[in-house]
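Written out below as structure tokens is the structure these notes cover.
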Amino acid sequence: MDDERPDVLLAGLLFYDIVLTGLPGPPVPGEEIWTSGMGCGPGGIANLAVAAARFGLRTSLATVFGDDFYGAWCQEVLAGQEGVDLGPSRTAPGRPTPVTVSLALPGAPGTDRALVTHGEEPPYSQDELLRDPPTARTALVHLEAEAPAWLGKATANGTRVFADVGWDPTRRWSRDVLDQLALCHAFLPNEAEATAYTRTDTAVAALGVLAELVPVAVVTCGGRGAIAVDQTTGEYARVPALDIDVVDATGAGDVFGASFVAASLGGWPLAERLRFAVLAAGLSVAQHGGALAAPGWYGVDRWWRTQHDPELRRAYGFLADRLPADPGPPPRPAPVTPPARPARAASPQRPAPAASPLPHPDDSPPAPRRS
């Protein structure tokens, strides 16, 4: 179907990320550690934007860029390199871009990262950026203590909302957050978040509670994969994680979410959606750099064509019919450092990327973090 709406609408905080990998251990006062790996790139909400755009989804981003070298470079990467529409975004005059240094420490995959961030709250809220949100097919949002006004407007416009949530440093795990699921089509927390908010002890028990609150509930379980229920179709799925050496887990959850949305827009069965998201997230952690580690169609296609394990060939056989004929060029990896000269800031009215290669069935719905 011809559909000119954005496939994905995003709003949130943007950071300039510096990711250091290959560390032998955490830094110790008075010592200097030399590391073997480094990458930089846009971070925070940009993780979702890049992951979605690399699957050919028309992606519209509402964020605030700093008025500096980092902000200009992030704009150029997102709009000029990745094709993200920055129409709803703004540049904050005289303000620096928040910067995060991420240390990927050895230990359990996905759990050992140390983050140091310099920044301040942006001068424009999400509601100021999205006073009249564009009618999009989906929105990917991070639930906060209080829902922004634009989220209700988007839902009323027919936008399907896919949401996740972050760790609550207060450990109160307010049920008010779960009340916002009335606005959502899908909820994709990790196991720790899901059990804490639902006051349960296992991922399965948490999934049962969440399935009563939202049409599609997903709980990611790290190295044990993910489980999900789709109440609209009556499907239940559990898939294992892939055995992949973790280099940097920055943004893996965002890649999972964007990939699940891409497969959902294609109308895939729940088990395929879940396997696809697990695969894409797994491929992303094999590289450093957060947003720019997202595999896109090229990365998934390359994995499939070089995969010889009989069990994985059977489990992921659906990719033979799902992958586009042209997966596109290899995505650009995260550079060690940005270009020597500041990039020219991209126009916020830059045209949206080409339409997604995913089929567009009738998808009318029934009704500040960093990553």
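Just a few scattered comments:
- Selection count where residues are on the phi > 0 side of the Ramachandran plot, in a helix (DSSP H, G or I) and in contact with a strand residue (DSSP E or B) (Cβ under 9 Å, 6 or more places away or on another chain), scope segment 285-323: 1
- A Cβ distance below 7 Å, combined with a sequence gap of six or more or placement on separate chains, defines the contacts here; from segment 53-80, residues that are part of a strand (DSSP E or B) reach residues that are open to solvent by 20 Å² or more (accessible area, probe 1.4 Å) and of a type in the set (D, E, K, R) in the pairs THR59/ASP85; SER60/ASP85; LEU61/ASP85; VAL64/ARG90; GLY66/ARG95.
- Looking only at residues of segment 1-33 that are surrounded by 13 or more Cβ atoms within 10 Å (Cβ to Cβ) and small (Gly, Ala, Ser), we find that the one that is farthest from VAL64 (Cα to Cα) is GLY22.
- When GLY290, GLY328, GLY282 are checked against the criterion of being modelled with pLDDT under 95, among the small types (Gly, Ala, Ser) and in contact with an Asp or Glu (Cβ under 6 Å, 6 or more places away or on another chain), a single residue qualifies: GLY290.
- Annotation: of all residues in segment 278-294 being under 14 Å from THR250 (Cβ atoms) and open to solvent by less than 10 Å² (accessible area, probe 1.4 Å), the one that is farthest from the chain's Cα centre (by Cα) is GLY289.
- Where ASP168 falls short, out of the listed (1) at pLDDT 95 or above; (2) among the acidic types (Asp, Glu); (3) under 23 Å from ALA228 (Cβ atoms): (1)
- Scope segment 268-294; condition out of contact with any Ser or Thr (no Cβ under 6 Å at 6 or more places or on another chain) and under 23 Å from THR100 (Cα atoms); matching residues: ALA281, GLY282, LEU283, SER284, VAL285, ALA286, GLN287, GLY289, ALA291, LEU292
- The residues in segment 223-247 that are closer than 30 Å to SER36 by Cα and in contact with a helix residue (DSSP H, G or I) (Cβ under 7 Å, 6 or more places away or on another chain) can be counted, and the count is 4.
- Subset of segment 172-214 (residues that are open to solvent by 10 Å² or more (accessible area, probe 1.4 Å) and among the aromatic types (Phe, Trp, Tyr)): TRP173, TYR197
- Members of segment 140-165 that are modelled with pLDDT of 95 or more, over 18 Å from the mean Cα position of the chain (by Cα) and among the charged types (D, E, K, R): LYS153
- Filter result (over 19 Å from ALA163 (Cβ atoms) and surrounded by fewer than 23 Cβ atoms within 10 Å (Cβ to Cβ)) within segment 250-277: GLY266, GLY267, TRP268, PRO269, ALA271, GLU272
- GLY257 falls short of the stated requirement of being at positive phi, at pLDDT 95 or above and either in contact with a Leu (Cβ under 6 Å, 6 or more places away or on another chain) or assigned to a loop (DSSP other than H, G, I, E, B) (or both).
The values are calculated or read from the model by the stated rules, or taken from the named source; none is laboratory data. In this text, all values refer to a predicted model and were calculated from it rather than measured experimentally. When we count neighbours, we look across all protein chains shown, and the Cβ atoms used for this are built from the backbone with ideal geometry, even at glycine. Side chains are part of the model used for accessible areas, which takes the heavy atoms of the whole protein and leaves out ligands, DNA and RNA. Shrake-Rupley method; radii C 1.70, N 1.55, O 1.52, S 1.80 Å.
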